[in-house]
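Okay, so here's the structure we're looking at.
No value in this document is a laboratory result; all are computed from the given coordinates. Quick caveat, the model's predicted, so the values are computed rather than measured. Because the Cβ atoms are built from the backbone with ideal geometry, glycine has one as well, and the counts that use them run over all protein chains shown.
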Amino acid sequence: MRSPLMRRFGLGAVLALALAVFGLAPTASAADPAPAELTFATDSATTTPGGTVNLSMTITNHKTYDIWFVYQTIEPTWLTTQRPDLKYSFTGCSLATTAGPTPCSGTGPANLGTNYGATVPPGQSRTVTLTLQVAADSGCNGNIGFYSYYYAEFSDSTNASGGPVYTPETRVLCA
């Protein structure tokens, strides 16, 4: 008489063998990097009413295919919207190129993706800098911060999306 334990062991061994043969068994591998990455930096952590801060956004292509298209939004954080005395706007935009900065358009909470220029080759990045102007009659002692979502399409017909990605906050100080 055959043992039920041996029958279960045999069924498990057959299933494991089938999974291994057809390549469905789990394998140990290092995690792939994100296909695209969006990072932010500011040239100053503080400003005063009437001052400006440059907010740089860099998209990096970690894939082996070009980024053909980027769509990106930028919106104030919830805490920023809770301070109606903070007054600010985006007044300038430039794309960093090898020949120097080039003006771009689409500033503010809009499609910023076209500002990154043509394609972004594998392993390279593009940086767009927005100029944040704080109004002269803005309130003080508050933080201005933003968040962003992005969507990128690659030349191999794949896409990637990410977010929210948060900017460093800028503190508006009283002079």
Mean separation of Cα contacts under 8 Å (at least 6 apart) over the residue count of the range 115-175, i.e. the relative contact order in percent, is 32 percent
Could you give me the ³J(HN,Hα) list for the range 152-161, computed from phi with Karplus coefficients 6.51, -1.76, 1.60 and θ = phi - 60°, whole Hz, x at Gly and Pro? 10, 10, 10, 5, 8, 6, 9, 9, 9, 9
Testing the spin-label approximation: label points 7 Å from Cα along Cα→Cβ at ASP156 and LEU79. State their distance in nm. 3.9 nm
Set of the range 149-175 residues, backbone N closer than 14 Å to the point 7 Å along the Cα-Cβ line of SER44: 170-175
For the ranges 93-103, 151-161, 127-137, what's the packing order if you count other beta-carbon atoms within 10 Å of each residue, average per peptide, and put the highest first? 127-137, 151-161, 93-103
Can you give the FRET efficiency to the nearest 0.05 for TYR166 and ALA99, using r as the Cβ-Cβ distance and R₀ = 30 Å? 0.45
